[in-house]
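Trainee: The structure follows.
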Amino acid sequence: MLITKNITKKFPGVTALENVNLQIDAGRVTAIIGENGAGKSTLMKILSGVYTDYEGQIFFKDKPIRFNGTADAQDAGIAIIHQELNLIPYLSITENIFLGRELVNAFGLLDKKAMHAKATSLLQTLCVDVEPNTIVADLKVGQQQMVEIAKALLLDADLIIMDEPTSAITESEVATLFKVIEQLRTKNKAIVYISHKLNELFKIADNYIVLRDGKTIESGKMHAIGHDDLIQKMVGREIKPMQKDFTNNRTSVLLKLENICLKQRNKADKLHNISFEVKAGEIVGIFGLMGAGRTELLETIFGLHPRLCSGNIYINNKKITINKPIDAIEGGIALLPEDRKKDGLVLNMEVKKNISLPCLEEVEVMGLLNDKKETALAKKHIQQLGIKTPSENQVTKNLSGGNQQKIVLAKWLERDPKVLLLDEPTRGIDVNAKNEMYKLMQDLVSKGMGIIMVSSELTEILTVSNRILVMAEGRITAEINAADATEDNVLKAAISIN
Amino acid sequence: MKLAQYKNNFGKLQSLIALFILCIVFAVLSDKFFTVANGLNVMRQISVNICIAVGMTLVIITAGIDLSVGSVLALCGAVTAGLLKNGIALHSFNLFIGFTILGAILAGVIVGALLGFFNGLAITKFKVPPFVATLAMLTIARGLTMLYSNGFPISSFDASFTFIGGGWLLGLPVPVWIAALIVVAAIIVTKKIKLGRYIFAIGGNENAAKLSGININRVKIIVYTIAGALAAVGGIVVTARLDSAQPNAGTSYELDAIAAVVIGGTSLSGGRGSIWGTVLGALIIGVLNNGLVLLDVSPFWQQVVKGGVILLAVIIDKMNTKNE
């Protein structure tokens, strides 16, 4: 169905894909496996016409093709269900499903009846029990994901790419999805399935392709390979569990949360009575599915929702009031936001100016900013964290994801925080940079810092955390010590609600 | 030279080249253009625009806009003029407060700063988009000007006041000194103090700035207050120059200021820009106005040409940044 030849895609500072060759067959589910940053999403964006500037060739149904945009790819018969939801929140389900492909009657007016009927039947196939006129913003995340899937089904595409389709849905919804995939397979459609959940892949996939560091490593039949072999191919080495201190003898409590609640206007509360402690020298991992409230929890601690939250926050056993970020910062809390580009960095500014931003006072001489001091400060952190940049005057957006993330970290280290809040600290950065990040985190806690790390990657949570908290729908559903944690019990706690 | 700086300077270099070409063209076409007297004339003419445009630059770097400056200029000019002329008379208390020149000027600037402060307040605390908030202020300030002056000009002042608009100091017109002072101060603000850095950070990425602990609202309010105060300075200069505060003064001055800022390479989406660029932009507009007048081009065509130059400047700027 689809063959790629020597696909290469470069971004400033990183080669995301290098000579990728793969084959996707009709009537088969092909799993694309690789760690975050291996290049899966980039590859899918090329196949679906999002990125149009790449080297190499793509053959679709034996014909060479080159898409000039997503509409092109859709017309050719390739549909993608993106990992991030791409729905318009204030339109209804029907309007979203038919967006850009609206049915019209003989007069050129919208044929709402026909669209409603089609949407109803699509939702039925997917066993989603909601009215197609419902506004998408009112749906649960899992239901929104199903709408996204319905959109792809409507296209009746020959190749359907599913990028982490189950990251936000419940077990029963997964079962329905798998049924739909079976049907598609019998209709001789080709399906590309990307997931971190290996168990799922063994259940549904026929073939596998492993990507690592932007290269195709291996492909083959799913039933011919074992779980551990697959992981080893993904990672490129045997995974050695990190040297971790399993003992539970840390005593000094740095941060204590008491009954943190977060309300939402016109909606169910985002957070319900969250209470826990972070001790010095400890990495607390927080796991949960999309929409579980993890990011909101960190934001609340950091003072981003002062009007809607309640509860008490103690630092070093002293209660503090956090109404805005500076209160949290002065209390000794630092936040690495989930989306470093959107929230962490001023991308058009030089590296040194980003690093000095939260602590400009320190580079002042008699009220004026001193370039020498600022440069020295930046250089110190660039060296300490091993940030790879031609100079401290480089514009931040030209650096790779891993180095950008280190800059966000550097921003805070100068202020010597007591508690670091890390939201998806290794999202979209390559394996090496990831390992460096983990090492940095362990260095920091060994110096007496406390870290809360939110992550969607189970392996990351399991390798890095000393203690794991699992969240679902705004509550903490489990607290598991690292020694007792397994993929199974963590995932179960993340899904177990209602 | 480092890439970023090089690119930055390249943008300014382009404006500089454009300015040179304009000067050469006008010098060839008109023998009145390339004279000291005309040069000083241009500088005096643009000094009010520079006062306003400097404030506008700061606002635009935060990704905001201030449409109210023209009206604020008129109101503050009228207030200063009125206080000089009539003071404040409270008839019911049989009280009369007279104002010295300095006092009247100070009062005018304070009114400007206050209006700017209200702009900032509306934009930050009440989340009114800058375009709408300052558009409202544009109308309000114009209305207040009419109320204050009853729609009549307030005219004839002491020579010591008109000196501000028409006098000379060390071989340069006084307004040029005022503009120069403002430019130097603004360069220090943008390059050398925290506030300036925060302005760029907010315009570049407001979320990141907020999460870095910067008090976004405070910075924005300060910036709009500065813009208001600088518009007031412009208003006082205009009033002194004409020896009269016209209730219609400053109409559409905000557009000239925005044009200078944009031609100078400051991005309307924020985070990028420079005071020097704005000065160059104001010079380009000034030279263009002056040259076209000297060449006796119809005022209607002058507007067309001016608009074309603005469009061209932004297109060139976009083409430069696209390749980054």
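The values are calculated or read from the model by the stated rules, or taken from the named source; none is laboratory data. Everything quoted here is computed from the prediction, not taken from an experiment. All Cβ positions, glycine included, derive from the backbone under ideal geometry; neighbour counts span all protein chains shown.
Trainee: Specify the residue that is nearest to the chain's Cα centre (by Cα); the eligible residues are those in the stretch A:72-86 that are modelled with pLDDT under 85 and either surrounded by 13 or more Cβ atoms within 10 Å (Cβ to Cβ) or of a type outside the set (Asp, Glu) (or both).
Mentor: For the stretch A:72-86, the residue satisfying everything is A:Gln83.
Trainee: I would also like to ask the following. Select from the stretch A:331-344 the residues that are part of a helix (DSSP H, G or I) and facing chain B (nearest Cβ under 7 Å) and write down the one among them that is farthest from A:Ile301 (Cα to Cα).
Mentor: Kept after step one, since they are part of a helix (DSSP H, G or I), are these residues of the stretch A:331-344: A:331, A:340-344.
Checking which are facing chain B (nearest Cβ under 7 Å) leaves us with A:342-344.
Details: A:Lys342: 19, A:Asp343: 16, A:Gly344: 17 Å.
Across the stretch A:331-344, the extreme among qualifying residues is A:Lys342.
Trainee: Which pairs do you get when a residue that is within 12 Å of another protein chain (Cβ to nearest Cβ), found in the stretch A:362-378, comes within reach of a residue that is of a type in the set (S, T, N, Q), reach meaning Cβ atoms under 6 angstrom, with the pair 6+ apart or on two chains?
Mentor: From residues that are within 12 Å of another protein chain (Cβ to nearest Cβ), the pairs are A:Val363/A:Ser356; A:Val363/A:Asn370; A:Glu374/A:Ser356.
Trainee: Can you name every residue in the stretch A:379-391 that is within 14 Å of chain B (Cβ to nearest Cβ) and under 29 Å from the mean Cα position of the chain (by Cα)?
Mentor: A:Thr389, A:Pro390
Trainee: Hey, any hits in the stretch A:262-270 for a residue that's at positive phi and touching a residue at least 40 places away in the same chain (Cβ under 8 Å)?
Mentor: Taking the stretch A:262-270 and keeping what is at positive phi, we get A:266.
Checking which are touching a residue at least 40 places away in the same chain (Cβ under 8 Å) leaves us with none.
Within the stretch A:262-270, none of the residues are at positive phi and touching a residue at least 40 places away in the same chain (Cβ under 8 Å).
Condition check ((1) in a helix (DSSP H, G or I); (2) under 18 Å from A:Gln405 (Cβ atoms); (3) at pLDDT 90 or above; (4) at the interface with chain B (Cβ under 8 Å from one of its Cβ atoms)) across all residues:
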{"site": "A:Ile322", "(1), (2), (3), (4)": "no, no, yes, no"}
{"site": "A:Ile329", "(1), (2), (3), (4)": "yes, no, yes, yes"}
{"site": "A:Val346", "(1), (2), (3), (4)": "no, yes, yes, yes"}
{"site": "A:Ile355", "(1), (2), (3), (4)": "yes, yes, yes, no"}
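Trainee: Search the stretch B:38-80 for residues being hydroxyl-bearing (Ser, Thr, Tyr) and outside any helix (DSSP H, G or I), and hand back the single one that is surrounded by the most Cβ atoms within 10 Å (Cβ to Cβ).
Mentor: Result: B:Ser68.
Condition check ((1) over 30 Å from B:Lys318 (Cβ atoms); (2) modelled with pLDDT under 95) across all residues:
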site	(1), (2)
B:Phe10	no, yes
B:Leu22	no, yes
B:Ser30	yes, yes
B:Leu67	no, no
B:Gly82	yes, yes
B:Leu114	yes, no
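Trainee: Another one. Taking the stretch A:160-196, which residues are assigned to a loop (DSSP other than H, G, I, E, B) and farther than 17 Å from A:Met44 by Cβ?
Mentor: Once the filter is applied, which keeps residues that are assigned to a loop (DSSP other than H, G, I, E, B) and farther than 17 Å from A:Met44 by Cβ, the stretch A:160-196 yields A:Ala168, A:Ile169, A:Thr170, A:Lys187, A:Asn188.
Trainee: Just to be sure, is A:Ala433 more than 9 Å from every other protein chain (Cβ to nearest Cβ) and over 29 Å from the mean Cα position of the chain (by Cα)? Break it down stepwise before answering.
Mentor: Working: more than 9 Å from every other protein chain (Cβ to nearest Cβ): yes; over 29 Å from the mean Cα position of the chain (by Cα): no.
The answer is no for A:Ala433.
Trainee: When the residues of the stretch B:202-213 are narrowed to those that are assigned to a helix (DSSP H, G or I) and either basic (Lys, Arg) or in contact (Cβ under 8 Å) with a residue 60 or more places away in the chain (or both), which ends up nearest to the other protein chains (Cβ to nearest Cβ)?
Mentor: Result: B:Gly204.
Trainee: Check B:Asn289, B:Asn248 and return the single one that is assigned to a helix (DSSP H, G or I), at pLDDT below 95 and more than 14 Å from chain A (Cβ to nearest Cβ). Walk me through it before giving the result.
Mentor: Working: B:Asn248 fails: assigned to a helix (DSSP H, G or I).
Exactly one of B:Asn289, B:Asn248 is assigned to a helix (DSSP H, G or I), at pLDDT below 95 and more than 14 Å from chain A (Cβ to nearest Cβ), namely B:Asn289.
Trainee: Further question on the same structure: What is the number of the single condition among (1) surrounded by fewer than 24 Cβ atoms within 10 Å (Cβ to Cβ); (2) within 14 Å of another protein chain (Cβ to nearest Cβ) that B:Ile221 does not meet?
Mentor: (2)
Trainee: Would you call A:Asn312 in contact with an Asp or Glu (Cβ under 6 Å, 6 or more places away or on another chain) and either assigned to a strand (DSSP E or B) or more than 10 Å from chain B (Cβ to nearest Cβ) (or both)? So that I can check it myself, show each step before the final result.
Mentor: Working: in contact with an Asp or Glu (Cβ under 6 Å, 6 or more places away or on another chain): yes; either assigned to a strand (DSSP E or B) or more than 10 Å from chain B (Cβ to nearest Cβ) (or both): yes.
Spelling it out, A:Asn312 is indeed in contact with an Asp or Glu (Cβ under 6 Å, 6 or more places away or on another chain) and either assigned to a strand (DSSP E or B) or more than 10 Å from chain B (Cβ to nearest Cβ) (or both).
Trainee: Oh, and also: Since B:Ala232 meets every condition but one in (1) over 23 Å from B:Gly120 (Cβ atoms); (2) surrounded by 24 or more Cβ atoms within 10 Å (Cβ to Cβ), which condition does it not meet?
Mentor: All conditions pass for B:Ala232, except number (1).
Trainee: Identify, please: which residue in the stretch A:127-159 is β-branched (Val, Ile, Thr) and in a loop (DSSP other than H, G, I, E, B) and is, among those, modelled with the lowest pLDDT?
Mentor: Kept after step one, since they are β-branched (Val, Ile, Thr), are these residues of the stretch A:127-159: A:128, A:130, A:134-136, A:141, A:147, A:149.
From what's left, in a loop (DSSP other than H, G, I, E, B): A:128, A:130, A:134.
On the way: A:Val128: 83, A:Val130: 88, A:Thr134: 91.
Within the stretch A:127-159, the match that is modelled with the lowest pLDDT is A:Val128.
Trainee: Residues of the stretch A:412-432 being touching a strand residue (DSSP E or B) at 6+ places or on another chain (Cβ under 8 Å) and at pLDDT below 85, which ones?
Mentor: The answer is A:Asp430, A:Val431.
Trainee: I would also like to ask the following. For the stretch A:272-303, what are the residues that are of a type in the set (Phe, Trp, Tyr), buried (at least 22 other Cβ atoms within 10 Å of the Cβ) and part of a strand (DSSP E or B)?
Mentor: Across the stretch A:272-303, the qualifying residue is only A:Phe287.
Trainee: Being within 30 Å of A:Ile33 (Cβ to Cβ) and either more than 14 Å from chain B (Cβ to nearest Cβ) or out of contact with any Ser or Thr (no Cβ under 9 Å at 6 or more places or on another chain) (or both) narrows it down to one residue among A:Leu421, A:Leu444, A:Leu462; which is it?
Mentor: On inspection, the qualifying residue turns out to be A:Leu462.
Trainee: When the residues of the stretch A:359-375 are filtered to those that are aliphatic (A, V, I, L, M) and more than 34 Å from the chain's Cα centre (by Cα), which remaining residue is surrounded by the fewest Cβ atoms within 10 Å (Cβ to Cβ)?
Mentor: By that ranking, first place goes to A:Met366.
Trainee: Still on this model: So, in the stretch B:82-127, how many residues would count as being within 17 Å of B:Ser160 (Cα to Cα) and among the β-branched types (Val, Ile, Thr)?
Mentor: Looking only at that region, the number is 3.
Trainee: Given the conditions (1) closer than 14 Å to A:Val346 by Cβ; (2) within 22 Å of the chain's Cα centre (by Cα), and given that A:Gln394 satisfies all but one, which numbered condition is not satisfied?
Mentor: (2)
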